[in-house]
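Computed from the coordinates by the stated procedures, all read-outs in this text should not be read as laboratory data. Because the structure is a prediction, the values reported are computed rather than measured. Cβ placement follows ideal geometry from the backbone for every residue including glycine, while neighbour counts extend to all protein chains displayed.
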């Protein structure tokens with residue numbers, strides 16, 4: 001505890017601005033009790049930055065603020081910032097904000113001798129004391145140079161003013177118009193040197209991008225890059241994107257693609273959570289449908305999704321997806337799905353990134369779809385788009401958001417190359433291509449890569465049915481890869497051939513059967529014949545026996561007859 | 001700190017009264033000098049038809065907003081219209097007269 005306090009005392013104390021991203025870029029906010037110079041050209045957002053600093057201070061950090069305006073009246077300011085959702089009149093009524101309009105008309109003023117700006121000090125002091133202000137904005141104090149003669153007096157007085165503000169412990173923002181060769185037209189940076197923020201509004205290719213850069217910040221580290229920022233209905237938003245690195249943690253959790261067959265192609269489980277998926281393909285190959293399936297699956301799991309559409313309006317996407325049996329409208333109504341459809345040319349790339357960053361921050365989705373990223377190429381160069389996507393992906397990976405990008409590949413050239421060269425950023429890359437065969441175009445899908453999981457190497461035919469996307473095996477046979485009706489006819493042909501074979505077999509079987517029967521009949525008849533012969537033989541044998549019997553009997557008889565003699569002989573002998 | 005002078009006719013025929021207000025912040029040398037200079041000029045050129053009001057912003061800081069006072073001292077010509085402002089210690093009489101749109105007495 002004591003240690004912590006000591007550390008706080010050592011370092012510069014900071015005041016959180018409450019402006020999205022600015023506190024990250026400045027590592028904690030503006031220097032407490034010191035003036036900060038915000039400079040930039042006309043329309044770069046200086047006044048809004050100052051006003052948001054006060055409004056956020058009053059509403060979020062309980063620090064009332066005084067806005068000294070040298071250019072616009074309180075009414076004008078109130079009207080101007082109402083579009084950002086700031087209700088100044090309410091804050092003024094509750095004494096959390098005080099707007100003092102200091103107006104000087106050069107033509108009314110005649111200078112005669114020595115003077116000082118004690119009047120301004122008194123007014124400011126009075127305003128600060130009346131609401132107990134902690135924050136002060138002077139916008140744009142350089143108007144004094146136009147309104148008052150004798151700049152040397154003015155310079156001395158301004159120096160005194162900033163010292164006085166410091167002494168009063170006011171965290172102040174001083175705005176200044178960008179000068180030709182200096183940060184401000186009248187060299188305010190000489191007096192306000194603790195923190196200088198430069199706002200820029202550049203137009204490239206007819207598309208403007210606002211950028212913010214911390215020129216210096218005495219006694220503190222800070223982001224040194226130019227950060228894009230946005231001004232929209234929620235105020236200013238600065239993108240501290242480059243502060244992220246390759247440090248995100250990963251999970252092994254897998255989430256369904258929404259297409260069962262695709263899940264099984266991806267090792268049976270689908271994408272990794274927090275991975276980036278690239279769906280590339282030529283026109284009309286069903287990239288959006290793959291995305292819609294993924295969204296549908298995520299919403300079914302109760303996860304929130306953001307769909308950034310750069311080609312179609314939300315209602316068009318919903319209608320089109322309904323035709324393949326995906327009802328996205330229900331998820332929109334349940335608040336699980338949000339669409340953000342914008343033409344890429346509506347603002348610059350950085351602003352797109354900023355707005356996407358902001359929506360992701362606001363909605364905290366689990367799944368983000370960008371359809372298609374290639375359209376962003378129309379507002380910036382390839383390298384810029386790639387840099388932007390790296391930042392966007394970094395942010396999403398950091399937050400464990402699964403991102404699905406679709407890219408349109410030109411029909412000419414290699415399909416394995418994406419226009420913006422973001423393939424190396426993708427963890428899973430699905431390639432959709434059309435296969436032209438037999439006078440028809442069919443869709444094919446294969447997985448070009450999928451980091452960290454086994455995946456199918458097979459081409460699948462991609463069918464858009466009224467029940468969604470279906471993946472079927474393509475015909476791979478001796479005549480090559482066939483899809484669509486060619487596949488069907490080939491399959492039919494094969495079936496025919498098969499049945500002919502079958503019939504032939506049947507016929508042969510029958511044939512053999514008859515043959516066997518004939519043979520058996522033959523055998524039977526032969527056997528009968530044989531039996532008959534045998535029978536006859538038996539009869540003959542018996543007859544023979546009988547005959548022989550008869551012969552012997554006759555011989556006996558003869559013998560007997562002869563014996564008469566023999567006996568007589570024997571008896572005589 | 002209000003002074004009123006008589007209303008005898010002056011050189012400047014147009015306006016009858018000159019409503020002047022001098023903003024100061026405490027009794028600083030500049031403030032004192034400005035008041036002395038103003039008094040002298042008025043007595044000399046607008047005798048009898050001027051009216052000076054001195055506002056001390058240290059006592060009434062909220063009054064600074066009304067006339068859009070930044071510089072001290074500031075002399076405001078409330079009447080005759082249009083409103084004019086003269087800043088500084090009024091040491092340059094000629095410029096004060098130009099600022100007040102008063103033709104100097106020959």
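Here are some notes:
- Value at 222 nm in deg cm²/dmol, rounded to 500, when DSSP H runs of n ≥ 4 in chain A each add -39,500 (n - 2.57): -13500 deg cm²/dmol
- Calculated FRET value between residue A:470 and residue A:152, using beta carbons and R₀ = 60 Å, to 0.05: 0.15
- Modelled FRET efficiency - R0 35 Å, residue A:555 with residue A:531, Cβ distances, 0.05 increments: 0.45
- Peptide B:70-79 has a mean of 6 when you count, residue by residue, the C-beta atoms of other protein chains within 10 Å of its C-beta.
- For the peptides A:498-506, A:134-142, residues were scored by their other Cβ atoms within 10 Å and the scores averaged per peptide; the highest-first order is A:134-142, A:498-506.
- Computed Kirkwood radius, in angstrom, where 1/r is averaged over Cα pairs of the stretch A:254-473: 17.2 Å
- Number of partner chain Cβ atoms within 10 Å, mean per residue of A:97-110: 4
- Angle in degrees between helix A:46-60 and the longest Cα principal axis of chain A, rounded to the nearest 10: 80 degrees
- log10 of Debye I(q)/I(0), alpha-carbon scatterers only, for the stretch A:92-161 at 0.20, 0.22, 0.27 Å⁻¹: -0.91, -1.05, -1.38
- Length gained when the stretch residue A:493-residue A:383 is fully extended (0.36 nm per residue, less Cα-Cα span): 34.5 nm
- Antiparallel content of DSSP bridges confined to the protein assembly as shown, in %, to 5: 45 percent
- The mean count of C-beta atoms from other chains within 10 Å of the C-beta of residues in B:56-64, rounded to a whole number, is 5.
- Using 0.36 nm per residue and subtracting the Cα-Cα separation, the extra length available between residue A:232 and residue A:83 on full extension is 52.8 nm.
- Of all DSSP beta bridges in the stretch B:16-97, antiparallel share, percent nearest 5: 55 percent
- Note: relative contact order over the stretch A:420-477, using C-alpha pairs below 8 Å and six or more positions apart, is 23 percent.
- Listed peptides B:66-75, A:225-234, A:21-30 by packing density, highest first (mean Cβ within 10 Å): B:66-75, A:21-30, A:225-234
- The simple Förster model, with R0 at 51 Å and r as the Cβ-Cβ distance, assigns residue A:542 and residue A:515 a FRET efficiency of 0.80.
- Protection-proxy order for peptides A:77-87, A:393-403, A:269-279, B:43-53, each taking the mean of Cβ atoms within 10 Å per residue, highest first: A:269-279, A:393-403, B:43-53, A:77-87
- Cα-based Rg of the stretch A:17-109 normalised by 2.2 N^0.38 Å, two decimals: 1.14
- Short-range pairs are left out: with C-alpha atoms under 8 Å and at least six residues apart, the relative contact order of chain A is 12 percent.
- Shape metrics for chain A, restricted to C-alpha atoms - Rg then Dmax, Å: 48.1, 213
- Debye intensity ratio in log₁₀ form over the Cα atoms of the stretch B:26-104, taken at each q of 0.12, 0.13, 0.21 Å⁻¹: -0.32, -0.38, -1.01
- Within the stretch A:254-473, antiparallel bridges make up roughly 45 percent of the DSSP beta bridges whose residues both belong there.
- Cα-based helix-to-principal-axis angle, A:118-131 vs chain A, degrees rounded to 10: 50 degrees
- On Cα atoms only, tilt of A:484-572 relative to the major axis of chain A in degrees: 20 degrees
- Average Cα contact separation per residue, the stretch B:16-97, under 8 Å, 6 or more apart, as relative contact order %: 44 percent
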